[in-house]
Structure formats: C-alpha cells, structure tokens
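Inspection log for the structure reproduced underneath, given as structure tokens.
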Amino acid sequence: IANSIVEFSVEGYALLDITGLSNVTFSGLSFEQTKGNAVKTVDINNVDFEYCTFKNIGDKAIRQTASKMVSTGSGHWQAAFGYADGAYNCDVRGCYFENMGSSAIYATGGNQDTLTPSGNIIEDNIICAANQRYTIDSALVFSGCGITLRRNVITKSSQHGLLIYGNDHVIEDNEFSDVLREVADAGVIYQGQHQLSRGNVIQRNLIHNVNPKDPRLISGTCGIYVDDRQQGNTIINNFVIGIRGNGYNSNQ
C-alpha cells in the first residue's frame, strides 16, 4: 500500500533473508528495530540497495555470505584465504546506517582463488555508530576479490573502520573519523595475516579525529595499518590528521 508503514518484530532471523536472487533493486526502504541482521544474502547477483535506511540493528545491517565456506584455521570462515563468491555486481549506494550492534556491511564477493572480481560497489553512504554491541567487530569487513568502497563517511566505531581480507579491492575518497574508540594496536583501515591478499588500492582517503575513549589505549593506534608481513598493495595520497598514534604503520 503506498505511503503506509509496516512494522513487525523478528528475533533470530534477518528482516530480509535472500538466497540466489538476481536483478532486483531495493530502494527507499527502512530497516529498523531488529535483534538480528537487517539483511542477509547468500549467492546473489545484481541485487542493489539504494537510498535505504538501516537503524537500530542488533547485529549486522547487511551481511553477504556464500553457500560454500571452509575454515583456514585463522578464526575467519574463508575459502582459500578469502571468501569465494557470495555476491556479484551488487551495489549499496546512498544509504544511511546508524546504531548497529555489529558491522554495518559485511561484504563478501568475487573469488580470491581465481582473482575473479565481484564488481560490488559501496559508495555515497553514511555509516554512524557501528559495533555498539559486539565491540570486537569492525564497521566494515571485506572478503573476496574486487570490492570498491568509494565516497563514504564512516564514523563512531569501537573497532576498525574497515577490515580487509582478499585481493584487488579499491578503497578511495572515503572519510573516516572517531573510530578505534575502544582498542589499541589497530588501524582505521586494517589488513593483515594473509600474505596472498595483494593488489588492494587505498587512496585519497581522509582519516581524522581518532582517539580512544580511554587515554591509556595509545599503543599501535594507526590510520592505515598493514600487519603481519602483509605486502603487495598500493597505498597513496591519503590524509591522516588528529590521531593518537601513527598515520601509517607497516609491521613487516
């Protein structure tokens, strides 16, 4: 019904749970007031979210997964050092995210084994107050191959602004502020632990006003943190200001 408001309570399930869907755009919808994920997807193609609102979400706002996953023993469910498949040609554009219990977007797409790019684009979104319940999680998490993060504003996260796994992702023209609020030895943009994760480009991002709430958390807080012998990525023309730590740190 046009111009109507529909509200219902869901516990233990996503508000929108889709598997194998293709060629659909969700536009102008509001996902609010759930204890679980707002949106969960499995093996989707050309499914877009544009100009939607995600607010007061108990877990993740958007969680993309793949039907086949194996563990590498690192504590993350990955297929050969990264998620395989999951989502292709899927965009999240012009959306507003506020007050998530976990990550705003847990993006899975492309195939790291074959270096097949996902074609997924996340751009022009505002992401505010992620990780309010699960403070160990990051505001954004990328796995797989070939995801683009462009022109987003990410603010007020207890952990990383972006945690990267996989290859050939592009992180450009974003603004990060007031993240890493409850951790040390961490980066606003962080990548590490997988030496085959290469080819990522991090460029022209603005990182500012990053100070943990507890002044004792000062060790290893960085704007961009490349950890655990990570290498083979391009990091250029980023601007870091107002951070209690290093602008860039490479732990080789």
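The values are calculated or read from the model by the stated rules, or taken from the named source; none is laboratory data. Since this is a predicted model, take the numbers as computed values, not measurements. Each accessible area value is taken on the protein alone, full model and side chains, heavy atoms only, with ligands, DNA and RNA left out. Shrake-Rupley method; radii C 1.70, N 1.55, O 1.52, S 1.80 Å.
Before moving on, here are some points about what is shown:
- Accessible area, probe 1.4 Å, largest first, for residues K156, K35: K35, K156
- Springs between Cα atoms under 10 Å define the GNM used for the chain, and in it the highest mean-square fluctuation of S67, S103, S197 occurs at S67.
- Sequence-distant lysines (8 or more away, or on other chains) whose Cα lies within less than 25 Å of K213: K55, K60, K156
- Residue-level accessible surface for S22, protein heavy atoms, 1.4 Å, Å²: 50
- Carbon and sulfur %, accessible surface of the chain computed with the full protein complex present, 1.4 Å: 48
- Rolling a 1.4 Å probe over the heavy atoms of the protein chains gives the chain an accessible area of 44 Å² per residue.
- A probe of 1.4 angstrom, applied to the heavy atoms of all protein chains, finds V240 with accessible area near 40 square angstrom.
- Cα gyration tensor shape of the chain, rounded if a/c is under 1.5, else prolate or oblate by comparing a/b with b/c: oblate
- Y96 accessible area, 1.4 Å probe, all protein chains in place, Å² to nearest 10: 80
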